[in-house]
Amino acid sequence: MSYGLIPRWKSRLAMFARQLTHRKYKEQARMLVYILFMIPGILFMLWAQGKVKGAYQKYSKVQNSANVTGAQAARRVLDSQGLYDVQIEPIRGDLTDHYDPRSRVLRLSQGVFGVPSIAAIGIAAHEAGHAIQHAKAYGPLKARTAMVPVVNIGSNLGFGVLFLGLILNSVGLAWVGVGLFALATIFALLTLPVEFDASKRAKAALVQVGLVDSGVSGGQESKGVSAVLDAAAWTYIAGFAASLLTLLYYVMAVMGMRRD
């Protein structure tokens, strides 16, 4: 064996060790950046969820002066806009209320459908607001609805394509994954005006049909309805913020591939 090969092998081993150390620190740095991006969004979402649950629990114990249930309030709001064909059905769970534009059915949760509380009529009127948006072909709602099939595909494939691109060190493939995930962020952004407008319609409609404060805006019942709906709005803002932060992290990760 040539003794001249020993220093050469030692040099190669030292270089390999330095490369492993560099990769280790680089992975640790990426993990730290990921945590720094994710924590604000997670904390924001937890705060928003706590806020909406607190407002809901508070005003679900306060009976409205008209003594109408959520289902009755929704019916009054819908009928005031001529939407007599929109059906109202109960659905299991808490805060599972939603409007289904495909079947034109408004579904209200157990704590809303048959409960005569401030929270119940506020939430029911909000969902009725979505039915009104649908009937009036509200632009942001149409755009969001049209995106649903594409967003479903992007949500299912986006991360997988991005991860595959990172593993194969394919920048182009990784950018495709980022683009697919970006669809979910755009969808979350479009959700904001849709939800804000539905709440605005709900507040006005409840006063118009005389279900809060005897038809006079600005009273205690109107403030209670606003507290519930405004708290719910924060969950959509937090959802968009979390999605945007995740998207920015993915963009940074792919741009880092080029530097590597």
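The values are calculated or read from the model by the stated rules, or taken from the named source; none is laboratory data. What you see is a predicted model, and the numbers here were worked out from it, not measured in a lab. A quick note on method: Cβ atoms are made from the backbone with ideal geometry, for glycine too, and the neighbour counts reach across all protein chains shown.
Screening GLN220 against (1) surrounded by fewer than 20 Cβ atoms within 10 Å (Cβ to Cβ); (2) under 30 Å from VAL150 (Cβ atoms) leaves a single unmet condition, (2). Consider region 74-125 and keep the residues that are part of a loop (DSSP other than H, G, I, E, B) and of a type in the set (Asp, Glu). The one that is farthest from GLU221 (Cα to Cα) is ASP85. Restricting attention to region 131-148, the residues that are within 20 Å of the chain's Cα centre (by Cα), surrounded by fewer than 24 Cβ atoms within 10 Å (Cβ to Cβ) and touching a residue at least 40 places away in the same chain (Cβ under 8 Å) add up to 8. From the list ALA204, ALA242, ALA233, the lone residue that is within 30 Å of ALA146 (Cα to Cα), part of a helix (DSSP H, G or I) and without any contact (Cβ under 8 Å) to a residue 24 or more places away in the chain is ALA204.
The set of residues from region 149-196 being among the hydroxyl-bearing types (Ser, Thr, Tyr) and either under 30 Å from GLU127 (Cα atoms) or in contact (Cβ under 8 Å) with a residue 40 or more places away in the chain (or both) comprises SER155, THR185, THR191. Cβ-Cβ contacts under 7 Å between residues 6 or more apart (or on different chains), taken from a first residue in region 209-228 that is within 10 Å of GLY122 (Cα to Cα) and modelled with pLDDT of 80 or more to a second residue that is outside any helix (DSSP H, G or I) and of a type in the set (Ser, Thr, Tyr), are listed as GLU221/SER65.
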